[in-house]
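Below you'll find the structure, written out as structure tokens, and then a few comments.
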Number of protein chains: 2
Amino acid sequence: MPFVMKPTAVAALLTPLLIGTAHLVQAQAEKPVAIDKRYETEIQNLAKRPAVQSAFKFFMDLEPQTKQDLINLTETPSPPFKEQVRARKYADMMKAAGADSVWLDDVSNVLALRRGKGRQKTVVVEAHLDTVFPEGTNVKVKQKGDTLYAPGIGDDTRGLTAVLAVLKGMEKTGIETDADVLFVGAVGEEGLGDLRGVKNLFKPNGPKIDSYIAVDGDGIDEITHRGLGSHRYRITFKGPGGHSYGAFGIVNPHGALGKAIYYFTQEADKFTREGVKTTYSVSVIGGGTSVNAIPYESWMEVDMRSESADKLNGIDKLLQTAVQRALNEENQMKRSGPDLTVDVKQVGDRPSGRTEPTVPLVQRAMAVAKFMQVEPKLSVSSTDANTPIANGIPAITIGSGGKGGNEHSLNEWWLNDKGYLGMQRVLLVLLAEAGMK
Amino acid sequence: MPFVMKPTAVAALLTPLLIGTAHLVQAQAEKPVAIDKRYETEIQNLAKRPAVQSAFKFFMDLEPQTKQDLINLTETPSPPFKEQVRARKYADMMKAAGADSVWLDDVSNVLALRRGKGRQKTVVVEAHLDTVFPEGTNVKVKQKGDTLYAPGIGDDTRGLTAVLAVLKGMEKTGIETDADVLFVGAVGEEGLGDLRGVKNLFKPNGPKIDSYIAVDGDGIDEITHRGLGSHRYRITFKGPGGHSYGAFGIVNPHGALGKAIYYFTQEADKFTREGVKTTYSVSVIGGGTSVNAIPYESWMEVDMRSESADKLNGIDKLLQTAVQRALNEENQMKRSGPDLTVDVKQVGDRPSGRTEPTVPLVQRAMAVAKFMQVEPKLSVSSTDANTPIANGIPAITIGSGGKGGNEHSLNEWWLNDKGYLGMQRVLLVLLAEAGMK
């Protein structure tokens, strides 16, 4: 889920639980974009329709059940790479809600199809199944006042229940769309999941998708239309190792790592001082067994991010060049023994890109915000929308309503502060995009 | 204890148990040194004396008791910084053996004084009390054939029993010396003990010592007359840490560490290509919590060694310069936030130096080897002798006889292959040095 950077969030990022966290909103100044009048009109007209009005009311009536769904799903653990149990449960809920057909794909994404009348287009509404929390985490929901506390309750279990409620609302009120709607519970959004679920949807033999609405995060004002891409590597230099005095003269993997960091950061510093914001971080390092031994390995984990695919590829190349240079120079320095080798493993690859604010999907989301009397906030983040965006498919990520906090920490909370507005918002954007019959 | 570098020893050095290991013989080519005829004569004459002959015989008769002492002391754990229990036991044994006075100093070194007739000089005969093995290690002695197996049995518990047997032999046979003899069980020889025990003996208010014979290692041919010094540091760069994208632009401790490694190794490589063998190793590194977070710290452990105090100080200076340069440059590179800081902590300081082979103590040890019909091997190592050597006091480290192996591993063994020759050797060197009445 995306969240706005606050000091407390920064502190939380230093806790071990945060390993694998991927996304973040960094509001970068962009020129405000006008909402085309026709989308405002479109949304106003949609909202007036009796079936839509009924659905709006239904979301409010459904609140006790939606709360129960949220508790039920939150208490079904869904650790990274182990979303199957929750996936099956969510599939059952989708079936019970009335989807025409529900299935799990080969990575355990839940797909629930609701057929449209025209069937020329497919619009996806998706939330992600996985949490950042490892197996064994206590996911029991606790309520204090009106606030619900549990790991994963907001991110993105609330999103799952919002998507489910939209399906229920459409079924209840008999709303028909022109396009097919594919309701999706996606695996692998978080951290090392590396957008595994959404990437699977966009495989060459995947379903045809024309428009993509990811539901992640709280509130009703934010519209993530830019995908913050990232490349992540774990780079390991390996040598024979040996006694620091007796084996002196052999290659030292830490020597190569030091050189690689030095060459990379010198070049990356210059590279990132102009153009689209592009970042790099040598984040975790390790290797070595004893102060009196030349280590047999030295490794680092590196994170690079940019909204621009070109910049991301550019800084990636600087890293690869630095690593090879360091390898060669450390090997030239050796006085005895075998050469160092290096293993460069990509552990993260999230594509960059943007859905232009003039694209109808973004315009519609903005018009919905305006209709709901909130200021639309266009933002950048790393979410499941990154993948369709990079594939040239209109895509946004929007919140599911209510208020939340402490995402990715054990103290995560979500408060149902007019949460039904989240479902109303998703429904309006979806109907505008899919075309209401 | 010193040991000759073998491939198995190198492999063993990579095991966690080896953390803190410090010493090592690296036979560096030195011109063979002649033994002055007068020392050969001196040793021959000493060995002929009836009391010495009786002592020689006594060591053989004492074997069953010496074996019992070895088992008893080996099974009294003596982990780093926790040698007190063994120290008290060893003190009791020294008292029972007939020392004039026995006491523990403020770091729990055992000191057992045997007064000489002239009392103008003091000769130390010492073995170290500590082992490398942590608390809870199973130190039960197992015998297979004639070989005894137990952690620490050779290094240096055998040395303790050899020193004890020499005292017993002198008491039994009424041998009198001109100089006082101080029998010592020293703490803190191994690893992070950093020669703590022997350093305490040479404190300004410590006993006056004129000659120092450390008993460590097996066999009867090796004579360590050169002290391999070492400096060890743990260096930690610290910054605020933050999200890899959101906080981008703050200082990155890993960036500083990479620079420090780069600058240090570039200079150290040149510095160590000539002159007395001097080595450096960036051995262990760490820091960072998550691939998506700029770390708040980055640290390395560095080991530097040389026989030459000048070279050791020289390479140390290169490290300090590199660290400060890296700190400054990383701070200059930052775009926001506070500066990095660095903590430079010295975790090891073993002095360098050599007792010239022409010094009587070394000459005598060589003459004893020749008398015992073995080829004396002059060698370099890091042992308790480093400290007196660095203080300008004649000092050597010699083995205690028998055969041993797998020092610092759980499979350590010692075999009593004419182990009494070890006591004969120590006695002859001691009597030559202390002057027999």
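The values are calculated or read from the model by the stated rules, or taken from the named source; none is laboratory data. All of these numbers come straight from a predicted model, not from anything done at the bench. Quick reminder, even Gly has a Cβ in these numbers, built from the backbone with ideal geometry, and neighbours come from all protein chains shown. Note: accessible area is taken over every heavy atom of the protein model, side chains too, but ligands, DNA and RNA are not part of it. Shrake-Rupley method; radii C 1.70, N 1.55, O 1.52, S 1.80 Å.
When 1/r is averaged over all different Cα pairs and the result inverted, which Kirkwood radius in Å belongs to the stretch A:229-350?
14.8
Estimate for me the total accessible surface buried between chains A and B (protein heavy atoms, probe 1.4 Å, no ligands or nucleic acids), in Å² to the nearest 100.
The buried area between A and B, both sides summed, comes to about 5400 Å².
Treat each spin label as a single point 7 Å out from the Cα along the C-beta direction, and report the B:Asp269 to A:Val374 distance in nm.
5.7
To the nearest whole number, what is the average tally of beta carbon atoms from other chains within 10 Å of the beta carbons of peptide A:247-256?
Mean partner-chain Cβ count within 10 Å for A:247-256: 5.
Per 10 Å bin, what percent of the C-alpha pairs of chain B does each bin hold, from zero upward?
5, 21, 29, 22, 12, 7, 3, 1, 0
For B:Thr321, go 7 angstrom from Cα along the Cα-to-Cβ vector, then report the distances to that same point in the other copies in nm, smallest first.
Spacings between copies for this position, smallest first, are 3.0 nm.
Please report which chain B residue places its beta carbon nearest the axis carrying chain B onto chain A, with the distance rounded to a whole angstrom.
B:Tyr262, 2
Let me check against my output: what whole-number percent is the relative contact order of the stretch B:95-206, with C-alpha pairs under 8 Å and at least 6 apart?
Over the stretch B:95-206, the number comes to 38 percent.
Percent antiparallel among DSSP beta bridges with both residues in the stretch B:93-188, to the nearest 5?
The answer is about 65 percent antiparallel.
Counting only protein heavy atoms, what percent of the accessible surface of chain B is carbon or sulfur at a 1.4 Å probe?
The nonpolar share, carbon plus sulfur, comes to 51 percent.
Suppose you put the label 7 Å out from Cα in the Cβ direction; list, shortest first and in nm with one decimal, how far B:Asp310 is from each other copy's label.
Label point to label point, same position, other copies: 5.9 nm.
Net charge within 12 Å of B:Arg350 by Cβ-Cβ distance, Lys/Arg positive one each and Asp/Glu negative one each, not counting B:Arg350 itself?
Every neighbour counted, the sum reads -3.
Roughly what % of Cα-Cα distances in the protein assembly as shown sit above 54 Å, to the whole percent?
That fraction is 36 percent.
Once the Cα atoms of helix A:63-74 and of chain A are each reduced to a long axis, what angle between those two axes, in degrees from 0 to 90 to the nearest 10, is obtained?
Helix A:63-74 sits roughly 20 degrees off the main axis of chain A.
Give the residue list of trypsin sites (Lys or Arg not before Pro) in the stretch A:267-341 that are DSSP loop and have at most 11 other beta-carbon atoms within 10 angstrom.
Listed in order of number, the matching sites are A:Arg273, A:Arg335.
Please find, in a Gaussian network model of chain B (springs between Cα atoms separated by less than 10 Å), the residue of B:Met333, B:Met93, B:Met366 whose mean-square fluctuation is greatest.
B:Met333
How long are the semi-axes of the equivalent ellipsoid of the stretch A:125-265, defined as square roots of 5 times the Cα gyration tensor eigenvalues? Whole Å, largest first.
Taking √(5λ) for each eigenvalue gives 46, 22, 14 Å, largest first.
Cα axis of helix B:360-371 to longest principal axis of chain B: angle in degrees, 0 to 90, nearest 10?
60
I want the antiparallel fraction of DSSP beta bridges within the stretch A:229-350, as a percent rounded to 5.
Rounded to the nearest five, the antiparallel share is 95 percent.
Rounded to the nearest 500 deg cm²/dmol, what is the calculated helix-only ellipticity per residue at 222 nm for the protein assembly as shown, with -39500 (n - 2.57) per DSSP H run of length n ≥ 4?
-11000 deg cm²/dmol
If you take every residue apart from A:Gly258 with its C-beta less than 11 Å away from the C-beta of A:Gly258, what net charge results, scoring Lys and Arg +1 and Asp and Glu -1?
0
At A:Arg335, with labels set 7 Å past Cα in the Cβ direction, how many nm apart are the copies from this one, shortest first?
The projected label point of A:Arg335 is separated from its counterparts by 4.3 nm.
Averaging sequence separations of C-alpha pairs under 8 Å and six or more residues apart, then dividing by the length of chain B, give the relative contact order as a whole percent.
24 percent.
Near B:Gly288, within a Cβ-to-Cβ distance under 10 Å, what is the net charge of the other residues, with Lys and Arg +1 and Asp and Glu -1?
-2
Just how large is the dipole of the stretch B:267-385 about the Cα centre, in debye to the nearest 20, putting +1 at every Lys and Arg Cβ and -1 at every Asp and Glu Cβ?
380
Leaving out same-chain residues fewer than 8 places away, which aspartates and glutamates sit with a Cα under 17 Å from that of B:Lys57?
B:Glu171, B:Asp417
Can you give the relative contact order of the stretch A:229-350 as a percent, counting alpha carbon pairs under 8 Å and 6+ residues apart?
47
Please report the antiparallel percentage of the DSSP beta bridges confined to the protein assembly as shown, to the nearest 5.
70
What's the magnitude of the charge dipole for chain B around its Cα centre, counting Lys and Arg as +1 and Asp and Glu as -1 at the beta-carbon? Answer in Debye, nearest 20.
460
Of A:Ala47, A:Val107, A:Gly206, which is farthest along the charge dipole of chain A in the positive direction, counting Lys and Arg as +1 and Asp and Glu as -1 at C-beta?
Final value for the positive-end residue is A:Ala47.
Can you tell me the dipole magnitude for the protein assembly as shown around its Cα centre, using point charges on the Cβ only (Lys, Arg +1; Asp, Glu -1), in Debye to the nearest 20?
120
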